[in-house]
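Comments concern the structure below.
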Amino acid sequence: MSVRLILSLTLLFCLTSPTLSTATDPDPTPVAKRELNPAETEHALQLLAEELTKNLDAIHTWQGAYQFRDESNFENPRSTTGGRTWRTIQGQYTFWLDEIQDRLRVNFNKTEKPNEFNQFGTPEPVKIDSPTNNQRIVIGTDLYELSEERFASVKGFPNHLLKQTRAGRVLFRKFRFESEDNSHFFDPRDLFGGEAYTSVRNPQIYLSVLRGEHGEELQQKYDRQLSITELQGEDGQKQYQFKLKYTPSNPDGIPRYKMTTYDSQAGWNVTRYEELLGSRVIHKRTILYKNVDGIYLPQEVDIAHFKQDRGRRADPYHRQNFKLVESKLNQPLDTNLFEIKSLELKPGERIVDQIRGKAFVQYEDRLVPASQFPLLIK
């Protein structure tokens, strides 16, 4: 069982009991919108599980590039009128994915670096610092991350060593999950689903739960919690919309919903995803796909985040757009791309292994423990 599937199933067990009911209308006549009965629900889940698994399993290797645009709305720190401003970052993620070996390499490069905020009502702009590139290698649950030059002290190195090596890049080894919440962490597989990669695996998880494979209590919970509606798309295609309700722990709280739409025209992949707090949308994404020899790939993805405050306008405070501009499927990859040596550390640059609590320095053509490095350069 994959790490992602285990995480998805763990999340399902944590959900609280909702109050939704499942329609029991047996009429199979196609209409513009109707809720599926239990038998139809199982059939839809089986169909989606098979189609989505087939699509993902057809991807053995994938290399390409996504251009991105990231816009964030900030409070103006120097405005006397409480104004807000948008910060825009543009760039490209170039990636190499080995799905069979569970390895990923991503080079992150900004083509437009926001050195200033445009201010309203202030004579001087506020300068900001933002790195323009980043390289990551992900192997299973391990992540190696190398950014631009860093000048702050780094734990794990003696003080006298920091004085000699404080200028230069630092390569960090950490667990993957520690960086997944970073807005610049990128995995092309995450673009398939509405809520990361797990949304694509959810039909199989729901199916096993509703069949009672994980206990009667969880089965009954999802009989009430999950509903599936059959829709007719604009072009006459069939769609399935999943609605999942999260009951608030506070009796006076507002229920939260997750709405995921799977579309037959896109190989039954997720084309729309929304999170709602009551009737208020707080997260939304739409996905367009490209069919490459029967394999569906995300061609363009739009993501928007909204404030949860009831009193605020329903405007997004964070917007992202991804466009696939290069793509090769199931072609041989250079295995050296997943090696530390491909990052081309320079002499004196450091490695901090946060998993093992160790530190190293690049010395000539090899890595040496940080404690030994001063002896070598005397």
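List of remarks:
- Of all residues in segment 21-49, exactly one satisfies the criterion of being open to solvent by 90 Å² or more (accessible area, probe 1.4 Å) and modelled with pLDDT of 95 or more, namely His43.
- Of all the criteria given as (1) surrounded by fewer than 15 Cβ atoms within 10 Å (Cβ to Cβ); (2) at pLDDT below 70, the one not satisfied by Pro114 is (1).
- Some residue of segment 213-233 being closer than 30 Å to Lys110 by Cα, open to solvent by less than 70 Å² (accessible area, probe 1.4 Å) and either modelled with pLDDT of 90 or more or of a type outside the set (Val, Ile, Thr) (or both): no
- Subset of segment 316-355 [over 30 Å from Gln299 (Cα atoms) and free of Cβ contacts under 8 Å to residues at least 24 places away in the same chain]: Lys341, Glu344, Pro347
- Of the strands (runs of 3 or more DSSP E) lying entirely inside segment 271-330, those containing at least 2 residues that are loosely packed, with under 15 Cβ neighbours inside 10 Å span 280-292, 316-329.
- Residue check, Tyr206 among the aromatic types (Phe, Trp, Tyr), part of a strand (DSSP E or B) and under 19 Å from Thr53 (Cβ atoms): no
- The lone exception for Asp57 - which of (1) touching an Asp or Glu at 6+ places or on another chain (Cβ under 7 Å); (2) open to solvent by 60 Å² or more (accessible area, probe 1.4 Å) it fails: (1)
- Checking Asp293 against (1) over 20 Å from the mean Cα position of the chain (by Cα); (2) in contact (Cβ under 8 Å) with a residue 60 or more places away in the chain, the condition it does not meet: (2)
The values are calculated or read from the model by the stated rules, or taken from the named source; none is laboratory data. Source: prediction; values computed, not measured. Every residue, glycine as well, gets a Cβ built from its backbone with ideal geometry; the counts of neighbours run over all protein chains shown. Heavy atoms of the whole protein, side chains included, go into the accessibility calculation; ligands, DNA and RNA do not. Shrake-Rupley method; radii C 1.70, N 1.55, O 1.52, S 1.80 Å.
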